[in-house]
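**Q** Sharing a structure, written as structure tokens. Questions coming.
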Amino acid sequence: MRIGLKTLSAMEYPGRIITVGRDKSGENSIVIYAITGRSPSSQARKLELEADTVWTKPINEETLKRGNWELLVYPAIWISHGIAVSNGKQTSDIRKCLAQNKRPVDVLKLALKDWDYEPDPPLFTPRISGCILHTGKAALSIIKRAQDGSSLRFFFEMPMIPGKGKMIATYNGENKEPLISFSGEPLDLELKEKNAKSMAEAVYEALRPRRKEKDYRVAVACVFSKNLALNEYDIHIINRQERMKTEHGKIG
């Protein structure tokens, strides 16, 4: 486990994860999206790049249908003159607002004004979102349920410091019932890797279960971008189900 990702490694079950930051050289903006899942429907997914969008897609449609299809299949990352990322269909609204404001927090406030936490009782999973503008400025957002059922909205403008990242998740990392929503400010990560592939591998390894705990990993996607204004980016995706098949000699 890379020491720079020890915060992530300490979380047994974080749910879905968003990290924004900058690589050690200071040249690349970084976005990381990772999925962990406990239910068969959550596990029956993969991340797949189509044109400029990373989608969550079903591996087994029948298994996926046992869950809430609307909350399980969505555009997770959109890349074009900026990056929009989220754990749901709100990614599309963030995409539409990327060019409308100079402040990333204002982009998220505008895009998410009609969104609430996910309608998945009893969890009421938070909606987590982020964006990086073509200027390199970034922000993160969490929309979570209050005790009275209303939506609590939190927005964070992120300092983009070389070698540093900020992370939010849907849950606080404890694998217990009921799951506890992520709270507080975004967590600090050290981003030491030099490209999207090595960064995705490091995150995937950091999510490896400790001792004999169940492996909840589903997928990781990482984007490195030197110039968002010109759509210059490197992307790497790891899907656990595909990796398991490869490791067992069934494909590749």
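Every number in this text was worked out from the coordinates using simple rules, so none of it is lab data. What you see is a predicted model, and the numbers here were worked out from it, not measured in a lab. Note: ideal-geometry Cβ built from the backbone for every residue, glycine included; neighbour counts use all protein chains shown.
**Q** Apply the Karplus parameterisation 6.51 cos²θ - 1.76 cosθ + 1.60, with θ equal to phi minus 60°, to every residue of the stretch 135-148 and state each ³J(HN,Hα) to the nearest whole Hz, in sequence, with x for glycine and proline.
**A** Whole-Hz 3J(HN,Hα) from phi for the stretch 135-148: 7, x, 7, 9, 8, 10, 8, 10, 10, 10, 7, 7, 4, 8.
**Q** Can I ask one more? Using a 7 Å offset from the Cα along the Cα-to-Cβ direction at both S80 and D120, what is the distance between the two label points in nm, to one decimal?
**A** 2.8
**Q** Okay, next question. From the square roots a ≥ b ≥ c of the eigenvalues of the alpha-carbon gyration tensor of the stretch 3-247, which class results: rounded (a/c under 1.5), prolate (a/b over b/c), or oblate? Kindly include the intermediate steps, with their values, before the conclusion.
**A** Details: a/c = 1.37, a/b = 1.13, b/c = 1.22.
In terms of gyration-tensor shape, rounded.
**Q** Oh, and also: Expressed in nm to one decimal, what extension gain is obtained for the pair E62 and Q241 from 0.36 nm per residue of sequence separation less their Cα-Cα distance?
**A** Values: separation 179, 0.36 × 179 = 64.44 nm, distance 1.60 nm.
Result for the pair: 62.8 nm of gain on full extension.
**Q** Among G173, G88, S141, which residue has its Cα positioned farthest towards the positive end of the charge dipole of the chain, with +1 placed on the Cβ of Lys and Arg, -1 on the Cβ of Asp and Glu, and the dipole taken about the Cα centre?
**A** Among G173, G88, S141, the one farthest towards the positive end of the dipole of the chain is G173.
**Q** Report, in deg cm²/dmol and to the nearest 500, the calculated mean residue ellipticity at 222 nm for the chain, where each DSSP H run with n ≥ 4 adds -39500 (n - 2.57) and the sum is divided by the residue count.
**A** -5000 deg cm²/dmol
**Q** With Cβ to Cβ distances under 15 Å as the rule, what net charge do the other residues near E174 carry (K, R +1; D, E -1)?
**A** Working: positive: R38, K176, R210, K214; negative: E12, E177, E213.
So the surrounding residues net to +1.
**Q** Might you report the magnitude of the Cβ-based charge dipole of the chain about its Cα centre, with Lys and Arg at +1 and Asp and Glu at -1, to the nearest 20 debye? Write down the numbers at each step before the final one.
**A** Numbers: 40 positive and 31 negative charges, 78 e Å.
Roughly 380 debye for the chain.
**Q** Under 5 Å between amide H atoms, partner at least 5 residues away or on a different chain: which partners does A76 have, H built in plane at 1.01 Å?
**A** For A76, the qualifying residues are V54, W55, T56.
**Q** Rounded to whole Hz and in sequence order, give me ³J(HN,Hα) for the stretch 181-191 from the Karplus expression 6.51 cos²θ - 1.76 cosθ + 1.60, θ = phi - 60°, writing x for Gly and Pro.
**A** Those phi angles translate into 5, 4, 9, x, 7, x, 8, 7, 10, 9, 10 Hz.
**Q** Something else about it: Hand me the trypsin sites (Lys or Arg not before Pro) from the stretch 126-184 located in a DSSP loop with no more than 16 other Cβ atoms within 10 Å, in residue order please.
**A** Answer in residue order: K176.
**Q** Label the stretch 27-140 by shape, choosing from rounded, prolate and oblate, from the square roots a ≥ b ≥ c of the eigenvalues of the Cα gyration tensor; if a/c is under 1.5 it is rounded, and otherwise prolate applies when a/b is larger than b/c, oblate when it is not.
**A** prolate
**Q** Same structure, new question: Quick query: amide H of L191 versus all other amide H atoms, modeled in the peptide plane; which residues come in under 5 Å with a sequence gap of 5 or more or a different chain?
**A** K164, G165
**Q** Spin-label point model (7 Å from Cα, Cβ direction): what's the R208 to K113 distance in nm?
**A** If labels sit at R208 and K113, their model points lie 4.7 nm apart.
**Q** Considering only L108, A221, P162, whose Cα is most displaced toward the positive end of the charge dipole of the stretch 3-247, charges sitting on Cβ of Lys, Arg (+1) and Asp, Glu (-1)?
**A** The listed residue farthest towards the positive side: P162.
**Q** Name the residues of the stretch 33-49 whose amide N is less than 13 Å from a point 7 angstrom out from the Cα of N175 along the C-beta direction?
**A** Residues passing the 13 Å test: 36-39.
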